Amino acid sequence: MSRYDDEHGRDAGRTFAALPPARGRAFAESWWGRTWLRALEDAALEAAAVKAGRRLARAGGVGAVTVRPGRVTAVVRDPGGAAHRADVLLPQLSDEEWARFEDLAVEQAGHMAALLDRELPPHLIEDAGAVGIELLPGMGDLEPECDCGAWDHCGHTAALCHQVARLLDEDPFLLLLMRGRDKDAFLAQLHVRSTAEPSGTTPPAPGVDAAEAWAAAEILPPLPELPGLPPAPGAPPSFATGSPAAPGVDPAALEHLAGRTAVEAYRLLATALRGETRVDADLTAAQDAVRLACGPAPTAVAERLATGSGRGRDGLMTAVRAWRTGGTVALTVLDEDREVEGVALARARAALETAWDADERPAFRRSGNRWTVQEEGVQLRLGREGHWWPYRDEGGRWVPAGGADPDPATALASARLDAESGGPEEF
C-alpha cells in the first residue's frame with residue numbers, strides 16, 4: 001500500500017493491492033459497504049451492469065485500487081484479458097461542511113472517544129446526514145468514468161464499486177478520504193479542537209442561588225452533559241453476609257438480579273450517549289427470564305430461570321443466544337413459525353433472486369417463514385420487519401447464528417461461518 005499527501009492532508013491518497021477473488025462470500029458485510037453498494041444500484045441505469053461488475057470482482061478482475069479525494073481508480077480486466085481503467089468520482093465536502101462535521105464530532109463525548117480510538121461511529125455519520133452533511137454516497141453521487149466508452153456505469157466501474165465496498169468493510173475512514181480529508185489529518189484537527197481553550201470566555205460561576213434560579217425559571221441554563229460511559233458495568237456487593245436470609249429471600253438470586261440490573265443500566269447509558277431514544281416494550285415474565293439468563297448464574301438460579309421461561313435448560317440456552325443477537329425481536333423469530341403470503345412473499349422471493357447469480361444461488365426449501373439449505377444445515381428466517389435471520393442446525397435443533405440483515409446473502413454467509421466455527425461457547 002502506498003500513500004502520498006500534502007502538508008495539510010488535503011490531497012492524500014492510498015493505494016491498496018488487488019484483493020483475492022470473493023467467491024462464496026457477501027461483498028459487503030458492514031453498514032458502510034452495504035450503503036455504498038445501494039448507492040451503486042440506485043445510480044446504475046442497467047441492472048445488468050451491476051451484475052456484470054459483481055461477477056468481475058468475484059473472479060478477481062479488479063487490480064490495485066487507489067483512493068483519493070473525490071475519486072477511486074483501478075484497472076479492471078475482462079474475462080478475455082482486456083484491461084480498462086475505471087474511475088468512480090464522488091463530490092468532496094466544502095470547508096464549511098467539514099467545519100460543521102468537526103463541530104458534530106466534538107460535541108458528543110461518545111463520538112470523540114470513538115474517533116480518538118480510531119473508530120468511525122455510525123451514529124456520527126447519521127447525525128451528520130440529518131443536518132445535510134453526507135459522507136455516505138446518495139442518489140447520483142457515484143459518477144462513472146471508463147475508457148471502454150460507456151456513458152453510464154458499466155461492468156468495469158461496477159466491479160470497482162464492489163471492490164471499494166470490501167475496502168470499506170475493513171476501513172470506513174476511507175469515506176472521509178473520498179470526501180476530501182485524510183484520516184490522520186482529520187483526527188489531528190479534532191484533537192486540537194478538543195483540547196483548545198475557548199477564547200473570550202469567563203469561567204462558570206460555582207453555583208446559583210436557589211431563589212434566583214426559581215425567579216429565572218424561564219431562562220435557566222441547559223442541564224449538564226451526561227456522565228461518560230465507564231469502562232464496564234458496576235459489580236453489585238456480595239449478599240453472602242453469613243447471617244440467615246429473611247424468609248422468602250434468596251441471596252444468590254438477589255445478587256444475580258442486581259448484576260443483571262447493572263448490565264442493563266450500562267446498556268441504557270451507552271444508548272443515551274449515542275443520542276438514541278429507543279424505548280423497549282415491557283417484557284413478559286418469560287422474556288425477562290431469558291434476559292436475566294444472559295450471564296453466569298448459580299445452578300439453582302439457572303434452574304429457576306429455565307422453569308420461569310417455560311423453555312427448560314436447553315431451550316433457555318437457545319433463547320439466550322437469540323436474545324444476544326436481537327432482544328425481543330430475535331426471540332419472536334426463534335419461536336415464530338408463520339406463513340408468508342402476498343406482497344411479503346413476493347418481496348422475499350425477489351430478494352433471494354437478486355442476492356446471488358443463478359449459478360451460485362443455494363437450493364432453498366421453504367416452509368412458512370423459513371428457507372432451509374438442507375444439505376448444509378443452514379437456514380434463513382424472515383422476520384416481520386423484512387430482515388433475514390441466520391440459523392444453523394446443531395444436533396437436530398435450529399439455533400441462531402448471528403444478527404439480522406436486510407441482505408439474505410450476508411445472513412446466509414453468517415450462518416455458514418457460524419456452522420464452520422461451531423458457534424459461540426455455551427454458558
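Within the range 119-167, work out how many residues are among the hydrophobic types (A, V, I, L, M, F, W, C), in a helix (DSSP H, G or I) and either closer than 14 Å to W36 by Cβ or open to solvent by 50 Å² or more (accessible area, probe 1.4 Å) (or both).
Count: 9.
So S94 ticks every box in (1) out of contact with any Gly (no Cβ under 8 Å at 6 or more places or on another chain); (2) open to solvent by less than 20 Å² (accessible area, probe 1.4 Å); (3) hydroxyl-bearing (S, T, Y) but one. Which box is left unticked?
(2)
Taking the stated definitions as given, is L283 open to solvent by less than 50 Å² (accessible area, probe 1.4 Å), hydrophobic (A, V, I, L, M, F, W, C) and in contact (Cβ under 8 Å) with a residue 24 or more places away in the chain?
no
Residue by residue, here is whether (1) among the basic types (K, R); (2) free of Cβ contacts under 8 Å to residues at least 24 places away in the same chain; (3) touching a strand residue (DSSP E or B) at 6+ places or on another chain (Cβ under 7 Å) holds:
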position: T372; (1), (2), (3): no, yes, yes
position: R392; (1), (2), (3): yes, no, yes
position: V399; (1), (2), (3): no, no, yes
position: P408; (1), (2), (3): no, no, yes
position: A419; (1), (2), (3): no, no, yes
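Tell me yes or no: at least one residue of the range 290-298 is of a type in the set (A, V, I, L, M, F, W, C), within 25 Å of the chain's Cα centre (by Cα) and either under 30 Å from A105 (Cα atoms) or open to solvent by 60 Å² or more (accessible area, probe 1.4 Å) (or both).
Scanning the range 290-298 turns up no residue that is of a type in the set (A, V, I, L, M, F, W, C), within 25 Å of the chain's Cα centre (by Cα) and either under 30 Å from A105 (Cα atoms) or open to solvent by 60 Å² or more (accessible area, probe 1.4 Å) (or both).
Looking at the structure I just gave you, is R68 modelled with pLDDT of 85 or more, within 19 Å of M178 (Cβ to Cβ) and open to solvent by 20 Å² or more (accessible area, probe 1.4 Å)?
Judged against the criteria, R68 is a match.
When you look at A105, is it open to solvent by less than 50 Å² (accessible area, probe 1.4 Å) and free of Cβ contacts under 8 Å to residues at least 60 places away in the same chain, yes or no?
Answer is no for this residue.
Please verify whether D357 is at pLDDT 90 or above and of a type outside the set (A, V, I, L, M), treating the condition exactly as stated.
Taking the combined requirement at face value, the residue does not satisfy it.
Here is a list of conditions, (1) crowded, with 18+ Cβ neighbours inside 10 Å; (2) out of contact with any helix residue (DSSP H, G or I) (no Cβ under 8 Å at 6 or more places or on another chain), and A82 meets all of them except one; can you say which number that is?
(1)
Whether any residue in the range 320-341 is in contact (Cβ under 8 Å) with a residue 12 or more places away in the chain and more than 28 Å from A285 (Cα to Cα) is what I want to check.
Within the range 320-341, one or more residues are in contact (Cβ under 8 Å) with a residue 12 or more places away in the chain and more than 28 Å from A285 (Cα to Cα).
Out of (1) in contact with a Pro (Cβ under 8 Å, 6 or more places away or on another chain); (2) in a loop (DSSP other than H, G, I, E, B), what's the single condition that is false for H111?
The failed condition is (2).
Would you point out the residue of the range 373-401, among those that are among the small types (G, A, S) and open to solvent by less than 20 Å² (accessible area, probe 1.4 Å), that is farthest from T325 (Cα to Cα)?
The selected residue is G377.
The values are calculated or read from the model by the stated rules, or taken from the named source; none is laboratory data. The shown structure was predicted, so the numbers you read here are calculated from the model rather than taken from an experiment. All Cβ positions, even for glycine, are placed from backbone atoms using ideal geometry, and neighbour counts span all protein chains on display. Note: accessible area is taken over every heavy atom of the protein model, side chains too, but ligands, DNA and RNA are not part of it. Shrake-Rupley method; radii C 1.70, N 1.55, O 1.52, S 1.80 Å.
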